Amino acid sequence: MKKKLFFFISIVFLSCETYQGPKPTKRQLEWQKMEYYAFVHFNMNTFTNKEWGFGDEKPSQFNPTEFDPNQWARICKEAGMKGIIITAKHHDGFCLWPSKFTEHSVKNSIWKNGKGDAIREISDACKKYGLKFGVYLSPWDRNHSEYGKESYITFFRNQLTELLTNYGEIFEVWFDGANGGSGYYGGSNEERRVDKRKYYDWQNTVKLVRELQPNAVIFSDGGPDIRWVGNEKGYAHDTSWSTIYRDSVYGGMPDYNRFSKGQKNGTHWIPTETDVSIRPGWYYHPEQDNQVKTLTKLREIYYSSIGKNSSLLLNIPVDKRGIIHENDAKELIKLKNQIDKDFKTNLILNKKSKSNQFFIIKNNSNNINDGDNKTYWSPNKNPSNWSVNFTLDNKIKFNTVLIRENIPLGQRVVSFKIEINDKGKWKKIKEGSTIGNKRILTFPHIETNNIRLTVLESKATPQISEFEIYNTTILEGEKEVQ
Ligand code: FUL
Ligand code: CA
């Protein structure tokens with residue numbers, strides 16, 4: 001009798017378990033679904049062949065000859081990207097829209113006789129092609145005479161207000177961590193340092209963004225919604241927590257890298273975004289026309305960002321004509337075709353599985369391979385070594401697995417392993433730490449009809465929404481990845 005009561009209480013207790021750790025907000029979840037979107041660095045530097053303009057450039061220098069954001073949007077859409085973030089104003093202070101608050105903008109250029117508004121055209125093109133639209137507004141302004149003074153913050157917020165009011169729905173607002181240093185500053189040509197923690201009074205800027213665009217996520221080194229991955233090479237980390245002690249990081253902090261993996265017991269949900277350029281530079285430089293990253297490298301980046309619980313913000317430097325260069329377009333489309341091919345056939349889709357869970361109150365292990373990210377396997381056996389086993393009728397050959405956690409209810413898995421059964425003995429083929437939104441693991445090709453996923457440690461009952469297996473192609477210049 002006592003035993004039965006204990007059994008009943010355990011079931012009630014385990015099925016009622018609620019996880020207290022940080023969870024994503026609605027806007028973060030919407031963003032997380034995007035995974036892959038474009039950064040476009042196109043502004044004054046495109047015409048001066050620089051990466052960082054000093055701020056003394058002349059508006060007349062901005063003059064694209066074939067400006068066509070519909071071409072950008074068409075290519076980005078075809079490439080499988082979900083949105084575009086444009087450098088509305090970079091560190092040199094030049095604005096792609098006719099801001100009321102400065103003379104340093106397209107309104108004083110010869111482009112379209114000063115009547116053009118590139119931001120309007122880009123946002124319209126995004127709408128037309130069903131892409132989301134985001135803005136990069138550099139907090140540092142090397143042109144503005146007031147930079148470094150309190151009055152500049154009002155100016156900065158006025159510009160932000162223009163961008164967030166006049167161009168429809170914005171999905172992401174991007175604040176760069178590079179702030180302060182030498183510049184033109186209205187003719188004073190000097191060095192201006194700011195206190196990166198205090199100067200911008202970010203709290204109130206965040207409030208403004210929330211008021212004007214409640215659905216937009218805010219990116220900066222320290223969030224509040226999305227954080228920097230810590231490098232510009234296209235790599236997230238093997239251990240990649242969406243959680244972090246937010247108050248220990250801030251935009252532009254010098255030792256940021258200490259935190260780039262996130263923290264297991266972090267107090268806030270702030271996943272990483274991986275920003276990297278398809279060329280060596282962020283901006284277009286004709287001498288880099290033959291240095292566009294090729295398919296093998298781009299796929300590696302795709303796997304190392306999206307496949308490591310991050311998102312991929314791939315930069316395309318639009319050229320002086322105002323269009324995406326044909327070399328870049330070619331590689332983008334190759335990547336799209338390759339990714340489609342890689343993840344076309346999940347070899348265990350809807351195959352019968354068996355969980356090792358003890359209490360069979362909700363044997364939902366078939367949720368793990370139903371191709372639906374909303375359904376998940378949540379074992380109720382405590383406290384560790386949760387596993388799902390697939391015994392297939394025929395052997396399958398594969399080199400890639402994809403695992404996903406049910407992140408609306410938090411990131412929980414601390415470590416896991418994948419094994420195959422070789423003549424009656426379990427043999428480990430891969431082990432890993434975090435999973436999060438998506439984890440892609442590759443290894444030399446293997447053949448088996450018996451495979452097992454085990455969660456070794458989890459912060460709370462694991463919730464695995466997908467476990468998928470693929471056989472992907474080895475590309476030119478690639479070895480069997482270990
Ligand atoms: C950096 C900037 O300084 C680069 O110019 C570029 O915009 C990159 C995305 O962020 O911090
Ligand atoms: Ca599922």
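The values are calculated or read from the model by the stated rules, or taken from the named source; none is laboratory data. Everything numeric here is computed off the predicted structure, so don't read it as measured data. Using ideal geometry, Cβ is built from the backbone for each residue, glycine included, and neighbour counts are taken over all protein chains shown. SASA here: full protein model, heavy atoms, side chains in, ligands and nucleic acids out. Shrake-Rupley method; radii C 1.70, N 1.55, O 1.52, S 1.80 Å.
Details
Every residue, every condition in (1) under 18 Å from F54 (Cα atoms); (2) β-branched (V, I, T); (3) without any contact (Cβ under 8 Å) to a residue 60 or more places away in the chain, yes or no:
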site	(1), (2), (3)
E103	yes, no, yes
N113	no, no, yes
E121	no, no, yes
A125	no, no, yes
S138	yes, no, yes
D141	yes, no, no
E172	no, no, no
N179	yes, no, no
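- Count - residues of the stretch 371-385 that are within 16 Å of ligand 2 (Cβ to nearest atom) and either open to solvent by 60 Å² or more (accessible area, probe 1.4 Å) or modelled with pLDDT of 90 or more (or both): 7
- Filtered residue count, the stretch 78-120, keeping only those that are within 16 Å of ligand 1 (Cβ to nearest atom) and of a type in the set (K, R): 1
- Comparison of K479, K417, K423, K427 shows that the only residue that is open to solvent by less than 60 Å² (accessible area, probe 1.4 Å), without any contact (Cβ under 8 Å) to a residue 40 or more places away in the chain and not acidic (D, E) is K417.
- Residue in the stretch 350-370 that is within 26 Å of P271 (Cα to Cα), in the same structural domain as T461 (by TED's automatic domain parsing), in contact with a Leu (Cβ under 6 Å, 6 or more places away or on another chain) and open to solvent by 10 Å² or more (accessible area, probe 1.4 Å) present: no
- Being more than 30 Å from the chain's Cα centre (by Cα) and charged (D, E, K, R) is a description that applies to D393.
- Residue within the stretch 315-326 that is away from ligand 1 (no atom under 16 Å from the Cβ) and without any contact (Cβ under 8 Å) to a residue 60 or more places away in the chain present: yes
- Residues of the stretch 217-256 satisfying the condition of being without any contact (Cβ under 8 Å) to a residue 40 or more places away in the chain and away from ligand 1 (no atom under 14 Å from the Cβ): I244, Y245, R246, D247, S248, V249, D255
- Here D92 fulfils each of the conditions (1) closer than 22 Å to G114 by Cα; (2) assigned to a helix (DSSP H, G or I); (3) touching a strand residue (DSSP E or B) at 6+ places or on another chain (Cβ under 9 Å) apart from (2).
- Restricting the stretch 250-299 to residues that are among the aliphatic types (A, V, I, L, M), open to solvent by less than 10 Å² (accessible area, probe 1.4 Å) and under 13 Å from P317 (Cα atoms), the residue that is farthest from ligand 2 (Cβ to nearest atom) is I278.
- Selection status of E121, open to solvent by 30 Å² or more (accessible area, probe 1.4 Å) and either in contact with a Pro (Cβ under 8 Å, 6 or more places away or on another chain) or of a type in the set (V, I, T) (or both): yes
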